[in-house]
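One structure below.
What follows is calculated from the coordinates using simple rules that are stated; it is not laboratory data. All values reported here derive from a predicted model rather than from experimental measurement. Please note: Cβ atoms are built from the backbone with ideal geometry, for glycine as well, and neighbour counts cover all protein chains shown.
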Amino acid sequence: MSAETPRISVVLPCHNEQDNLRPLVAAISAALDPRGEPYEIVITDDRSTDNSWNLLKQMAAENPRIRVQRFVRNAGQSAAVWAGVQAARGEIIVTLDADLQNDPADMPKLLDALKDCDCATGSRVAARAAGDNLTRQLSSKIANAVRNKITGEQVGDAACGFRAFRRECAMQLKFFKGMHRFLATLFRIEGFKVVEVPISHHPRNAGKSHYGVLNRAFSASYDLFAVRWMKKRMFRYYVEECQPPEMRNPHMGRVWRGPEA
């Protein structure tokens, strides 16, 4: 464990990504080292069947910034992301996939955007043509259209897992399967300000994709309706004054009031 408390926690879900792990960590280090801020890399192995876990243990032994954990059984991407968020120690959390389609070089862009918001979520819309084949482009367009229609959102790339957010954004959330697809919406429901930031997108060069047209567009339908229900049933209240002052929960009923809030 690094002796320095990290300000930034990079959270990665991993399932059968043995060939991507070392290049990914090297790219994260290249993006964050010049900032001079302490950071950690938290990787949750979702019970990989390749050599990912053995490699992760070796990498953690070599680099004190890397912290790894492994599930008893495969639990899915949402669980791996959420377990990483729970284990993270930083006041700023960055989540991204381990397949190297998200470019860690875009992290400074997301982190700098937090000066004006609580969550900066990546948008791959402009970069899709260069990074994906026609089938994946179509599946993403359909999935985003379906998600926005049902949830009432106007998010250009709702499923993008590359985002930076303040730790308090996730403090009140309750875990459910599929939640990683809706974090931006869930943060907005909690009263936090979310902005989209254009990011790059690369084709997968190693490993195998877990998603296709059908499971991108339709497998999360139950989750979509659950999120819509939460959005409609959620109410927000604000405490003006309390005695003693310390009884007030600073994360309850929070309102965005600008960079100094």
(message) Among 177-184, 35-42, how do they line up by average Cβ neighbours within 10 Å per residue, starting with the highest?
(response) 177-184, 35-42
(request) Can you tell me how much longer the chain between Arg22 and Ala87 gets when fully stretched, taken as 0.36 nm per residue apart minus their C-alpha distance, in nm with one decimal? (result) 21.3 nm
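Need the full-extension length gain, Val195 to Cys242, defined as separation in residues times 0.36 nm minus the C-alpha distance. One decimal, nm.
Details: separation 47, 0.36 × 47 = 16.92 nm, distance 3.19 nm.
Gain on extension, Val195 to Cys242, equals 13.7 nm.
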(message) What distance in nm lies between label points placed 7 Å from Cα along the C-beta direction at Ala105 and His202?
(response) 0.8
(message) Testing the spin-label approximation: label points 7 Å from Cα along Cα→Cβ at Asp50 and Arg167. State their distance in nm.
(response) 3.3
(request) With a point put 7 Å past each Cα toward its Cβ, work out how far Thr5 is from Glu37 in nm, to one decimal. (result) 1.6
